[in-house]
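The values are calculated or read from the model by the stated rules, or taken from the named source; none is laboratory data. Because the structure is predicted, anything quoted here is derived from the model rather than measured. Virtual Cβ from ideal backbone geometry, glycine too; neighbours counted across all protein chains shown.
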Amino acid sequence: MTFLPMALGGAAGLDRTAFGQTLLSHPAVAASLAGWIVGAPAQGAWVALSLTLLSASHVPVGAERLRDWTSAAVAACFGAAGQRESWAWGAALLLSLLLANAGGMLIAATRAASASVVEGVRTRLEGGANRGQGGAPSAGSGGGLGPAGAGGDLGVAERAHVACAALHLLRGAVTAGLGAWGIAWALGRLGPRMPEPERAALAGFWTLAPVLGLPLALRLHLRLARPGWLALGLALGLALCRLGGGGAR
């Protein structure tokens, strides 16, 4: 079972790059698929709904802090695989939120490493082009891999692209795999000794998680949506919460 979250997390990590673009990195898709794999489709859909609503107001641009909602979704479902009680899935979802923050730092580090690789390749290709021309670079030669590297070894750029994609694959696999293992370990070690009030609190968190995220989604779209579409979205969201809560308990 350890290989499956690593494989799914790695594939989702690739989907963050220019490879694939299949929406597998979206937490709704990743959690639904992971829940189906572990034999808990209702719980997977509940995790998908919860993380989608919680992440709806986070746009990964500018100074926004990155979060790895994809690995969190995969780890929550695989970490709680075999569990049927609500408190266990609530604990897995809560721990996955911590993983999302830690995974965001790994995404930032991976992007920084990829940028270093690209900069090194750009410098190498520009140097090769300049040597081939026997003079200084032209005015339009800087800033990218294309024109500057026209006279260089384009195989270097291809290998750099593969290396950067491999970094994201490795990051996603490690984050999802370790996260799933950590959540499963925590449930196995702490679950039998957990007092009943804490179990009840985690079960309540599991039930209310999508409702907690719903205001964030409404705040994001409130200024853009017409009242009729907003009311329809609210009604559908509450219906999904009710259906998901009934199937997840």
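Can you go through A160, A180, A217, A200 and tell me which one is surrounded by 15 or more Cβ atoms within 10 Å (Cβ to Cβ), assigned to a helix (DSSP H, G or I) and modelled with pLDDT of 85 or more? Even if it seems obvious, please write down each step before you answer.
Values: A160 fails: modelled with pLDDT of 85 or more; A217 fails: modelled with pLDDT of 85 or more; A200 fails: surrounded by 15 or more Cβ atoms within 10 Å (Cβ to Cβ).
Result: A180 is the single residue among A160, A180, A217, A200 that is surrounded by 15 or more Cβ atoms within 10 Å (Cβ to Cβ), assigned to a helix (DSSP H, G or I) and modelled with pLDDT of 85 or more.
Among the residues of the range 1-50, which ones are of a type in the set (F, W, Y) and farther than 14 Å from A176 by Cα?
Result: F19, W36, W46.
Report yes if E126 is over 30 Å from G155 (Cα atoms), at pLDDT below 90 and not basic (K, R), otherwise no.
Numbers: over 30 Å from G155 (Cα atoms): no; at pLDDT below 90: yes; not basic (K, R): yes.
No, not satisfied.
Filter the range 2-41 for residues that are of a type in the set (S, T, Y) and either in contact with a Phe, Trp or Tyr (Cβ under 8 Å, 6 or more places away or on another chain) or outside any loop (DSSP other than H, G, I, E, B) (or both); which is farthest from R84 (Cα to Cα)?
T2
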